[in-house]
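Shown next, in structure tokens, is the structure this report addresses.
The values are calculated or read from the model by the stated rules, or taken from the named source; none is laboratory data. Remember, it's a predicted structure, so these values are computed and weren't measured experimentally. Ideal geometry is used to build each Cβ from the backbone, glycine not excepted, and the neighbour counts take in all protein chains shown. The protein model used for the area step is the full one, side chains on, heavy atoms only, and it has no ligands, DNA or RNA in it. Shrake-Rupley method; radii C 1.70, N 1.55, O 1.52, S 1.80 Å.
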Amino acid sequence: MSGYRLPGGGAIDRTRPLGFSFDGRPFQGYAGDTLASALLAEGVGLVARSFKYHRPRGVVTAGSEEPNALVELRTGARREPNTKATTVEIYDGLKAASQNRWPSLGFDVGAVNSLLSPVFVAGFYYKTFMWPAAFWEKVYEPAIRKAAGLGRGAGLPDPDLYEKANAFCDVLVIGGGPAGLAAALAAGRSGARTILADEDFLFGGRLNAERLEIAEKAGADWAAEAVAELASLPHVTLMPRTTVFGVYDGETYAALERVADHLAVPPPHQPRQRLWRIQARQSVLAAGAIERPLVFGGNDRPGVMSAAAVRAYLNRFAVAPGRRAAVFTTGDDGWKTVADLIEAGVEIAAVIDARTGIAHDHEALAAAHDIRLFAGAVVTGTRGGRALHAVQIRDAGGGTRTIACDLLAVAGGWNPNVALSTHLGGKPEWRADIAGFVPGPALPPGMAVAGACAGRMNLGDCLADGFRLGAAATGTTPPEAPETGPDATTATPLWRIAGTRGKCFVDFQHDVTDRDVALAAREGFRSVEHLKRYTTLGMATDQGKTANLNGHALMAALTGRGIAETGTTRFRPPYVPVAIGALAGPHRGPDFKPTRLTAAHGFSAEMGAVFTEAGQWLRPQYYPRPGESDWLESVTREVKAVRGDVGICDVSTLGRIEIQGPDARHLLDLAYCNMFSTLAVGRARYGVMLREDGFVMDDGTTARLGPEHFVMSTTTANAARVMQHLDFLRQVLRPEWDVQCASATEHWAMFAVAGPRSRALLQDLLGDAFDVAGLPHMGAAEFRWGRARVRLFRLSFSGERAYEIAVPARFGQALMRRICDLGATPYGTEALGVMRIEKGHVSGPELNGQTTAADLGLGRMMSKKKDFIGRVLAGRPGLCDPARPALVGLKPVDRGRRLRGGGHFLRPGAAPVIANAEGHVTSAAYSPGLGHWIALGLLAHGPSRHGETMLVHDPLRDGDTLVEICDPVFLDPEGSRLHA
Amino acid sequence: MRRSIFSLALNALTGHRLWRPTWRDAVPKPEYDVIIIGGGGHGLATAHYLANVFGIQRVAVLEKSWIGSGNAGRNTTIIRSNYLLPGNNAFYELSMKLWEGLEQELNYNAMVSQRGIVNLYHSDAQRDAYARRGNSMRLHGVDAELLDRDQVRAMVPFLDFDNARFPVKGGLLQRRAGTARHDAVVWGYAAAASRRGVDIVQNCEVTGFIRNGDAVVGVETTRGSIRAPKIAMAVAGNSSRVAALAGLRLPIESHVLQAFVSEAVKPLIPGVVTFGAGHFYVSQSDKGGLVFGGDIDGYNSYAQRGNLPVVEDVAEGGMALMPMIGRIRLLRSWGGIMDMSMDGSPIIDRSPLPGLYLNAGWCYGGFKAIPGSGFCFAHLIAKGEPHPTAAALRLDRFERGYLLDEKGQGAQPNLH
Amino acid sequence: MRLSCPFCGPRDSAEFTILGDAGVTRPDPDAPDAPAAFFEAVYLRDNPAGPHREYWYHGAGCRQWLVVGRDTVTHEIFDVTLARRP
């Protein structure tokens, strides 16, 4: 034997050696190795330090249940903390490092915690660090935080890509061991769409780890043939490296495919991982079982390993995890390890079987190989520092012996892997005969459980189960299960070994010992959930896969209850930890949400626009020109251009809803608080919409284009909500009405053309197609202009003579360019905002869902002649309270002062306390026309207080500013400019 | 035994055999002065303040499962008082002040950690809205600072400042905000209440109310009838179900909110950060796990679990905000059942039925409110008058129109 | 969670938005007790643990309002019908 690698066998490719490093030391493994198997092959036993006591730890398992062998995998921005060495497929150049140790894995200063362990018991921190109070954040907590945690996050943006994908199938088989392969074969042969997913890169499960026989073939060969057959079936999808990690409502399963984790970096354009949402009519859970450790002193020493894992390393990876082994078993299972160690030529120092009656063939095996057998004996302690040197045992007679060995294989029985069966609330059931919890009857809809996961541990049963359930899921007759070789699995539970030396770990990763469980019981934390929360049992990265049952059984014994009564904690998704990046998929950075661009976006960009986010839209905020020093200068120029000449603003983001039908006018009457049924064809009207609770939902203009045809504008922010609301009104409240609605926001490009020259410009533009001068204020028209259908509205948000011109979206960019060519100055949302504040029009900051129509000075719009949504509840005392803050304008007393939104009103001289606050500033802008800042606000009794001086209190920014309260319409209150 | 470094050291020498149950697991008596339904944070805090501040010790706390099994044990542990509306802010600030002295008061380290919360803003309008809120906080005497982009960057440099769909423009910071160890809060209140004679009765589910005319004079439970002249509900998540036993309908819907914790990693995130352009907030526990969450699932639910779309939405928010967490793994997700009230704010009030008191509607903000809620509820029960800081949290505010709608979403619980 | 839309077939719940209790009807605004009736309709909910009929809107599909029968404890969906034709 060279190193610990066995000379032959195993599912590794000895022709493909792969170099890797651990803590900077170079090593070599083979294709087919995991990091754990490759390290064990190289004789590396110490791979990690534990969470609290920094105890030296080695590999315990060969799967995703591993509590100990966590490493930092890769480096730099790709560093992945807490990666289980047992699941990492090695690749050439792999770099891994141990974690949670300083200065090195071999010499870790943190191990001093172990000496303090009498103090650092479960929940010790709840009992101290309280004095002096100020020390917690400054002294105690930083120390605890630094010591806690395991690996280090990369701290840099993840450079890799992630994908999301959907899959649909008739049968999803979870787990590719014997039961899963059988289920997939049965389902796949029937022609059903079948997905077989397994977290491993090699299908076969324990068939690869054991020396089992099926149909007179080696189990691993049978598995390979099954996989080959499945691959040949047209409707079967094989998904290796894919962990089904969650079960959700509606037969939805979440799975993570590790697409490129077995490569140094993902190939170009390939994701690192892919999140699958699998829709499965039926599923077969064949997740197998997990071998549980035994709780004895020093059971965490590197070299103490699950007996089943030992078999996996021997048989699948051709690695002997030790040179001189002892086997500690509570059932027949450990004897499989004995046989496999013999087969591999590993010396066996002793077999310690906790049972007194040892089966004859086991005794014979021991005798034939001259192995010392201790029946009715237990391991009571281990020796060694960072590696196992010997175990202490107590034999049947009570005598103590020390047996030198560097490997202790522990077979404590099997826990069915029930996690996925409980995600929708199912409770596992205790089965005393197998000393384990199995899935209860309340399974997720469509799920059946096969094989070891259902508590049927024997290979023959696993295959029969798989064939039966795979066939049942497809309504076919199950194939006959092939003959299997002997595979006895029995275990007598042994929850705790009395009279042992040293710490007995229950939860390895979190350093929870049997004494911690006892302390929890003593302090009243007796429910399994209290136990978990008090001791952190089962809260480590393995979610207690190996720890929970032992801990719960100890608690059951301490409290005199049965295990069934004690129960178990709920398993929560994900089944194994899943990278947050994978759950997010491609939705990060600029692709976090869709970006909506208006039809004329390209032209605005050409014009140098600075864009701003408006929900998912990007809107031109302002159009800086060379020589302008800041945004304010650009915005001021744009405002002046509109007020003095003509400007154009892209308002395509406003929601537009087509409303048609004989009852369209009734719908509008119901939706808006003011009357619309009286609106003449060819005219538009401003409308305010309330929620049923009486507060303002949205505002906008709606035009009547025909007797039964209206087109509604909504605010950009509320477009979707208003659409949904109108659909509710017509479909749910008034299904008898004949009216249809359709969102047309994206179908039209719309521009405000505003300013004294707007009419002339539009006439130039449209020529003979339309007589612009003939369109009255609040007029609306639809006509053809060349190839385009045009809608023209005479509406004004700016207070100037203004039009909104809409064309089908495909003409939008050309139209805006043309209008600018005719001399209009493009203006953005900032200038739009300045001009609406100058005119006292409300917008987002005032329409904040907390204001009534009356608050906004729009109370008189609420019709008394008709029903409308919100009418009744708008009459509640709280909504009619005269003290409610209402819309006012404000000017700084010192005209040089800037105003900002968000300050609160106080009377000058009043103490700055909330009782004296009388409202707040909603929107502010610099008015180029007035030459100073102006603002809108909501002030208690506001409309009756014009002329008063108030203080705007803004301690977060500018401090206090005296303002003069005024009418919210700063400019042209008579509206004469509308007709200029 | 009093908890201190000395008792801990003494116990270390004696194998920790001297510790006694943190609270007495009581058997219910037939009668009390006050029955509190619900052994979560709010119920136990109410019991503590009744017994230790208001002098009412004949109190039972009835818990249908194990104490802290509801939302007290399934939240994201954030404490803060950064509210906008006067009816809320003063109340949450009272709660914050109680947090600040809680551990010494209870003799239990609840790991109250004031490492700050920063709410990020991504637009000018959002900045002004946050300024309005921050100024309101200052008017309440609460600390608040408005940070610009550079100040945020100095504090949390790992955010996506350069490549974001919704660029971070600044944040509203409350330095006194932070986190606490949720379970320890429950246990600490239980211990302090139990010491003063409060009976904490676990595995005791209320199945009905005993009535005398309109008045509620007792409860039927799975462990027998128990009578008291004052019965106080603190069962958020299940308020409607318990109220229905008394024939009451509440302005509340039950919704599921998922929460998430990552594997433990060495310290990365200093305080609490909330994303302003998506549903995501995060802090890092003392153990090292990133504790994070987002929006409620949106549908009525009494199942303590949610669905995949929200899991993905939260992860997307997280990656959009801080792409350094891409390779950190989600360890566990779970769901809590929220009493989503119709205006997004809670209720501490008498019910329409004499003798029945109501503490409900905490939405997803109940954890931070535990001390204040317990104190004000105890005040209401003991004195028959609302505590001044909770005077706005009335049940009749919905009918009268004096709503406390922080977000302006109206009577739609799943939008708050 | 998946809803079987009468128009679109089974679709992921992410395509829908839920409004809430479909047992709520809009009261007569002209009735003398309208304020109380509207208060109850807008604010008070049975909020049952168990079967619940609720309004969902297929915003990312056919834009129809649906009435969904769903269990709030198990999330099982019993039936989905068009709200306009109950």
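Summary of computed values
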{"quantity": "Region A:655-743 - percent of accessible surface contributed by carbon and sulfur, probe 1.4 Å", "calculated": "53 percent"}
{"quantity": "Efficiency of FRET between B:Val53 and A:Ala134 - r from beta-carbon atoms, R0 30 angstrom, step 0.05", "calculated": "0.80"}
{"quantity": "For residues of A:533-541, the mean tally of beta carbons on other chains within 10 Å", "calculated": "4"}
{"quantity": "Set of lysines with alpha-carbon distance to A:Lys891 below 21 Å, sequence-local pairs under 8 removed", "calculated": "A:Lys640, A:Lys839"}
{"quantity": "Between helix A:829-838 and chain A: long-axis angle, C-alpha atoms, 0 to 90°, nearest 10", "calculated": "50 degrees"}
{"quantity": "Ordering of B:152-159, A:791-798, A:873-880 by packing [mean C-beta count within 10 Å, highest first]", "calculated": "A:791-798, A:873-880, B:152-159"}
{"quantity": "Helical contribution to [θ] at 222 nm, DSSP H n ≥ 4, -39,500 (n - 2.57), averaged over chain A, rounded to 500", "calculated": "-6000 deg cm²/dmol"}
{"quantity": "Hydrodynamic radius of chain B per Kirkwood, over alpha carbon pairs, in Å", "calculated": "21.9 Å"}
{"quantity": "Rounded accessible area per residue of the protein assembly as shown, 1.4 Å, Å²", "calculated": "33 Å²"}
{"quantity": "Protein accessible surface hidden between B and C, which excludes ligands and nucleic acids, total in Å², probe 1.4 Å", "calculated": "2100 Å²"}
{"quantity": "Degrees separating the helix B:86-100 axis from the principal Cα axis of chain B, which is the longest one", "calculated": "80 degrees"}
{"quantity": "List of region C:33-49 residues, accessible area with partners at least 40 Å² below that of the chain alone (1.4 Å probe)", "calculated": "C:Phe38, C:Phe39, C:Val42, C:Tyr43, C:Leu44, C:Arg45, C:Asp46, C:Asn47, C:Ala49"}
{"quantity": "At least 20 Å² accessible surface lost relative to isolated chain, residues of region A:583-601 (1.4 Å probe)", "calculated": "A:Leu583, A:Ala584, A:His587, A:Arg588, A:Gly589, A:Pro590, A:Phe592, A:Lys593"}
{"quantity": "Listing of region B:214-257 residues, each with accessible area lower by at least 20 Å² in the full protein assembly than in the chain alone (probe 1.4 Å)", "calculated": "B:Ser240, B:Arg241, B:Arg249, B:Leu250, B:Pro251, B:Glu253"}
{"quantity": "Global size of chain C as Cα Rg and Dmax, reported in angstrom", "calculated": "14.3, 44"}
{"quantity": "GNM flexibility winner over chain B from B:Ala215, B:Ala192, B:Ala369 (Cα, springs under 10 Å)", "calculated": "B:Ala215"}
{"quantity": "DSSP-defined antiparallel bridges as percent of all bridges, region A:655-743, nearest 5", "calculated": "100 percent"}
{"quantity": "Separation between Cα centres of region A:147-225 and region B:47-63, rounded to whole Å", "calculated": "55 Å"}
{"quantity": "Largest-first ordering by accessible area, 1.4 Å probe, given options A:Met539, A:Met835", "calculated": "A:Met539, A:Met835"}
{"quantity": "Degrees between helix A:548-559 axis and first principal axis of chain A (Cα, 0 to 90, nearest 10)", "calculated": "80 degrees"}
{"quantity": "Shape metrics for region A:745-824, restricted to C-alpha atoms - Rg then Dmax, Å", "calculated": "11.4, 32"}
{"quantity": "Projected area, mean over directions - region A:689-837, Cα convex hull, nm²", "calculated": "10.2 nm²"}
{"quantity": "24 Å Cα-Cα reach of B:Lys230 towards lysines, excluding residues that sit fewer than 8 places from it in its own chain", "calculated": "B:Lys29, B:Lys64, B:Lys383"}
{"quantity": "Region B:193-271: translational diffusion in µm²/s, Stokes-Einstein, Kirkwood Rh over Cα pairs, 37 °C, 0.692 mPa s", "calculated": "206 µm²/s"}
{"quantity": "Aspartates and glutamates whose Cα lies under 13 Å from that of A:Lys427, excluding same-chain neighbours fewer than 8 positions away", "calculated": "A:Glu565"}
{"quantity": "Area of B:Trp99 that stays accessible when all protein chains are in place (1.4 Å probe, Å², to 10)", "calculated": "0 Å²"}
{"quantity": "Measure of compaction for the protein assembly as shown (Cα Rg per 2.2 N^0.38 Å)", "calculated": "0.98"}
{"quantity": "Calculated diffusion of region A:655-743, Stokes-Einstein form, Kirkwood radius summed over Cα pairs, 10 °C and 1.306 mPa s, µm²/s", "calculated": "126 µm²/s"}
{"quantity": "Total accessible surface hidden between A and B, rounded to 100 Å², 1.4 Å probe", "calculated": "9900 Å²"}
{"quantity": "Residue-wise HN-Hα coupling along region B:338-350, computed from phi with Karplus coefficients 6.51, -1.76, 1.60 (Hz; x: Gly, Pro)", "calculated": "9, 6, 8, 7, 6, 10, x, 10, x, 10, 10, 6, 5"}
{"quantity": "Burial ranking of peptide ranges B:24-30, A:416-422, A:931-937 (average Cβ count within 10 Å, highest at the top)", "calculated": "A:416-422, A:931-937, B:24-30"}
{"quantity": "Kirkwood hydrodynamic radius (C-alpha pairs) into Stokes-Einstein, region A:895-936, 25 °C and 0.890 mPa s, D in µm²/s", "calculated": "216 µm²/s"}
{"quantity": "With every protein chain in place, region A:745-824: carbon and sulfur % of accessible area (1.4 Å)", "calculated": "48 percent"}
{"quantity": "Inter-chain shielding of A:72-79 (mean C-beta neighbours from other protein chains, 10 Å cut-off)", "calculated": "1"}
{"quantity": "B:Lys266, A:Lys127, ranked by accessible area, largest first (probe 1.4 Å)", "calculated": "B:Lys266, A:Lys127"}
{"quantity": "Percent antiparallel among DSSP beta bridges (both partners in the protein assembly as shown, rounded to 5)", "calculated": "75 percent"}
{"quantity": "Peptide A:103-111, shielding by other chains (average Cβ, 10 Å cutoff)", "calculated": "0"}
{"quantity": "Accessible carbon and sulfur surface of chain B relative to its total accessible area, %, 1.4 Å", "calculated": "52 percent"}
{"quantity": "Sequence of A:Asp967, A:Asp361 when ordered by accessible area, the most exposed leading, probe 1.4 angstrom", "calculated": "A:Asp361, A:Asp967"}
{"quantity": "Pair A:Ser677, B:Ala215: separation of 7 Å Cα→Cβ label points (nm)", "calculated": "5.4 nm"}
